[in-house]
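Note sheet for the following structure.
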Amino acid sequence: MNILVVGGAGYIGSHMVKRLGQLGCKVTTLDNLSAGHRDAVLCGEFVQGDMADKALLNQVFAQGQFDAVMHFASFIQVGESVQEPAKYYANNVVNTLQLLDVMRAHGVKQFIFSSTAATFGEPQYAPIDEAHPQQPINPYGRTKLMVEQVLADYDKAYGLKSVCLRYFNAAGADPEGQLGERHEPETHLVPLVLQAASGRRAHISVFGRDYDTPDGTCIRDYIHIVDLCEAHWLAVQHLAQGGASDAFNLGNGNGFSVQEVIDTATQVTGRTVAVQEGPRRAGDPARLVADATRARKVLGWQPQYADLATIIAHAWQWETRK
Ligand code: UDP
């Protein structure tokens, strides 16, 4: 297959590009390198540019003959989305609409969209399945839900088929050690804990110990980046085989607290992790755990690396790379 990966130089996109290359796909990455890294794109063609540049999009699509588009080029920080919503609506919604328009103009009808658990908002029950109400509580979650809704309408009106994959907490790194998480600044728990373990960072701040959870810290469902990418590949195949547009929650169904992540990292690395107590971070629900039964049933998704220690071990291999 011939696939355009928008945002293919970022954390998730770069792992996806590598996997598509291994699968024998023709891959083109479009990335403006605002957050991604050119050297993370291990195969295929690379085009540096922005989704906002319609002329460039038209040029890339005219040359590409793509079967499907995967879209990883969104801003992802909840806190920043509250401070700077315009930035989030402009990129995550307006630029995505433009990408969809150009797809339509070039007759490309299959779209895999990176959505998020943040579209659900405050959990009304756990684990969260696809029937859970979607009431996002921050601009980031709203931008993703808006695109989900647009995609439902575009399927009905234009026959544009899509799969929305709602990630819970992506973590880990390429088991072969070639790729990993490199956000600047880093805001995610697993890499921050490992930076504290390696000495790159003095400590990790725990954002709140007064949640209604067994140890008082927030619980999340961590999913290995390789398992996440596999779900994208299965989603592309689902659409290629005539499957209907759909949305799936992706997680392992196991919740781990911030403290459990720190404890597991301590065991995996054999290092101490200095911890500082911090206040709650605005917009953090106490517990987010996925029910991914539908992805298993409909897509045949089977996570290989569901174990938190393995996820952390792969991220540690990346953190301690030479
Ligand atoms: N967290 C923390 N300290 C940090 C970063 C994150 O305690 O320095 C907590 C955060 O409050 C949340 C969990 O770790 O409960 C996962 O946060 P992350 O930002 O990795 O992902 P999110 O859940 O926001 O998608």
Checked against (1) closer than 24 Å to Phe111 by Cα; (2) within 15 Å of the ligand (Cβ to nearest atom); (3) out of contact with any helix residue (DSSP H, G or I) (no Cβ under 6 Å at 6 or more places or on another chain), Gly216 satisfies every condition except (1)
Residue by residue through the stretch 276-295, note down the ones that are out of contact with any Asp or Glu (no Cβ under 9 Å at 6 or more places or on another chain) and near the ligand (Cβ under 9 Å from one of its atoms).
Gly278, Arg281, Gly283, Asp284
Hey, which of the helices (runs of 4 or more DSSP H) in the stretch 211-322, taking only ones fully inside, have at least 3 residues that are in contact (Cβ under 8 Å) with a residue 60 or more places away in the chain and closer than 26 Å to His132 by Cα?
225-240
Take the stretch 267-322 and flag every residue that is farther than 30 Å from Pro139 by Cα and of a type in the set (Ser, Thr, Tyr).
Thr269, Thr272, Tyr305, Thr310, Thr320
Only one of Phe248, Phe207 that is under 30 Å from Leu299 (Cβ atoms), in contact with a strand residue (DSSP E or B) (Cβ under 7 Å, 6 or more places away or on another chain) and aromatic (Phe, Trp, Tyr):
Phe248
Which condition from (1) of a type in the set (Gly, Ala, Ser); (2) modelled with pLDDT under 95; (3) under 21 Å from the mean Cα position of the chain (by Cα); (4) closer than 22 Å to Tyr158 by Cα is the one that Gly64 breaks?
(3)
If Ser245 satisfies all but one of (1) hydroxyl-bearing (Ser, Thr, Tyr); (2) in contact with a Cys (Cβ under 9 Å, 6 or more places away or on another chain); (3) within 16 Å of the ligand (Cβ to nearest atom), what's the number of the condition it fails?
(3)
Taking the options Leu165, Leu151, Leu192, name whichever one is near the ligand (Cβ under 10 Å from one of its atoms) and either in a helix (DSSP H, G or I) or in contact with a Ser or Thr (Cβ under 8 Å, 6 or more places away or on another chain) (or both).
Leu192
For the stretch 172-189, which positions are within 13 Å of the ligand (Cβ to nearest atom), modelled with pLDDT of 95 or more and out of contact with any His (no Cβ under 7 Å at 6 or more places or on another chain)?
His188, Leu189
Restricted to the stretch 76-115, and to residues that are within 13 Å of the ligand (Cβ to nearest atom) and out of contact with any Leu (no Cβ under 9 Å at 6 or more places or on another chain), which residue is nearest to Tyr11 (Cα to Cα)?
Ile76
Which one is nearest to the chain's Cα centre (by Cα), of the residues in the stretch 2-31 that are under 20 Å from Ala62 (Cβ atoms) and in a loop (DSSP other than H, G, I, E, B)?
Gly8
Checked pairs for the stretch 153-182, first more than 19 Å from Asn252 (Cβ to Cβ), second at pLDDT below 95 and assigned to a loop (DSSP other than H, G, I, E, B), C-beta under 6 Å and 6 or more apart or across chains, list as none
Quick one: count up the residues across the stretch 195-208 that are small (Gly, Ala, Ser) and near the ligand (Cβ under 7 Å from one of its atoms).
2
Of all residues in the stretch 72-94, count the ones that are more than 18 Å from Ala170 (Cβ to Cβ) and either in contact with a Ser or Thr (Cβ under 9 Å, 6 or more places away or on another chain) or among the charged types (D, E, K, R) (or both).
7
Please tell me if Val298 is within 11 Å of the ligand (Cβ to nearest atom) and crowded, with 16+ Cβ neighbours inside 10 Å.
no
Farther than 30 Å from Asp284 by Cβ, touching a Ser or Thr at 6+ places or on another chain (Cβ under 8 Å) and touching a residue at least 12 places away in the same chain (Cβ under 8 Å): which single residue out of Val69, Val60 fits that description?
Val60
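The values are calculated or read from the model by the stated rules, or taken from the named source; none is laboratory data. Remember, it's a predicted structure, so these values are computed and weren't measured experimentally. FYI the Cβ positions are ideal-geometry reconstructions off the backbone, even for glycines, and counts take in every protein chain you see.
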